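What follows is calculated from the coordinates using simple rules that are stated; it is not laboratory data. As the structure is a prediction and not an experimental result, all values here were calculated from the model. Note: ideal-geometry Cβ built from the backbone for every residue, glycine included; neighbour counts use all protein chains shown.
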Amino acid sequence: MNSTGYLQRREQIETYFDRTAAQAWERLTSNAPVGRIRATVRAGRDQMRATLLSWLPQDMRGMRLLDAGCGTGALAMEAAGRGAEVLAIDLSPTLVKLAAERYSALGQGGAGRIDFRSGDMLAEELGHFDHVVAMDSLIHYDVPHMVEAMQRLAGRTSQSILFTFAPRTPALAVMHGLGRLFPRSDRSPSLTPVSEPVLRRGLEQGIGPLGWREGSTLRIKSGFYTSQAWQWHA
């Protein structure tokens with residue numbers, strides 16, 4: 001995926017998470033007190049992570065998992081605790097460093113292990129995986145880029161890809177529009193609400209011929225957090 005639009009978007013996301021909001025994300029993903037709005041986001045993300053983990057095997061010994069957009073590493077640590085060999089990657093070196101520090105502080109217990117890296121989650125040199133999880137890491141891209149990302153991941157994944165997207169709803173459309181009208185330098189790169197039927201058609205055409213089929217889906221809404229989990233399996 002070398003299109004100018006994707007590369008520009010990736011650069012915006014990297015700048016935001018690595019420079020503008022690293023401290024905010026460190027606090028959000030900890031047990032530190034946060035304000036009411038961020039508390040709803042934290043609760044929503046916790047519920048989303050639990051949902052995605054529930055779709056993975058309880059015993060992951062001998063399995064390789066890609067945590068695509070790992071952030072501060074919470075999901076990767078859970079998967080490693082089940083015995084998985086996890087490659088956890090994020091565009092933000094700052095967040096990856098924090099994730100590795102948190103993992104080290106836990107004593108790196110469990111049967112699995114985590115290889116933390118900063119870089120592009122779609123890089124082919126990352127190798128092949130049994131499962132891929134992309135929690136809230138594709139929500140900034142439009143449908144064509146999401147489908148292309150899934151194609152690239154599907155070609156190197158043997159069992160399942162779990163990802164989230166921002167569902168197009170009237171409320172999200174309004175918030176998205178206001179974000180474009182009133183940009184601020186410290187605001188997160190705006191998510192891109194997408195139509196579920198349009199995304200489904202794109203995926204059926206993009207990875208359906210490779211033998212992939214849709215599985216479970218669940219929308220999670222918690223205050224200012226709205227995201228939809230989707231499971232696709234080989």
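What list do you get for 194, 132, 86 if you sort them by fewest beta carbons within 10 Å?
Working: 194 21, 132 25, 86 30.
Ascending Cβ contact count within 10 Å gives the list 194, 132, 86.
The 3J(HN,Hα) values that the Karplus relation (6.51, -1.76, 1.60; θ = phi - 60°) gives for the range 41-56 are, in residue order, 5, 4, 5, x, 5, 4, 5, 5, 4, 4, 5, 5, 5, 5, 8, 9 Hz. Gly and Pro appear as x.
Work through the residues other than residue 78 whose Cβ is under 15 Å from its Cβ and net out their charges, Lys, Arg +1 and Asp, Glu -1. Working shown, then result.
On the way: positive: 45, 49, 61, 82, 102, 113; negative: 46, 59, 67, 85.
Result for the local shell: +2.
Below 13 angstrom from the Cβ of residue 234, what's the summed charge of the other residues (Lys, Arg +1; Asp, Glu -1)? Walk me through the numbers on the way to the answer.
Values: positive: 156, 213; negative: 130, 214.
Net charge around residue 234: 0.
3J(HN,Hα) along the range 122-136, derived from phi through the Karplus expression 6.51 cos²θ - 1.76 cosθ + 1.60 where θ = phi - 60°, amounts to 9, 4, 5, 5, 5, x, 9, 9, 7, 9, 10, 10, 10, 8, 6 Hz, with x in place of Gly and Pro.
All other residues whose Cβ lies under 13 angstrom from that of residue 57 are scored, Lys and Arg at +1 and Asp and Glu at -1, for a net of 0. When you filter the chymotrypsin sites (Phe, Trp or Tyr not before Pro) in the range 41-141 for DSSP loop state and at most 10 other Cβ atoms inside 10 Å of their Cβ, nothing is left.
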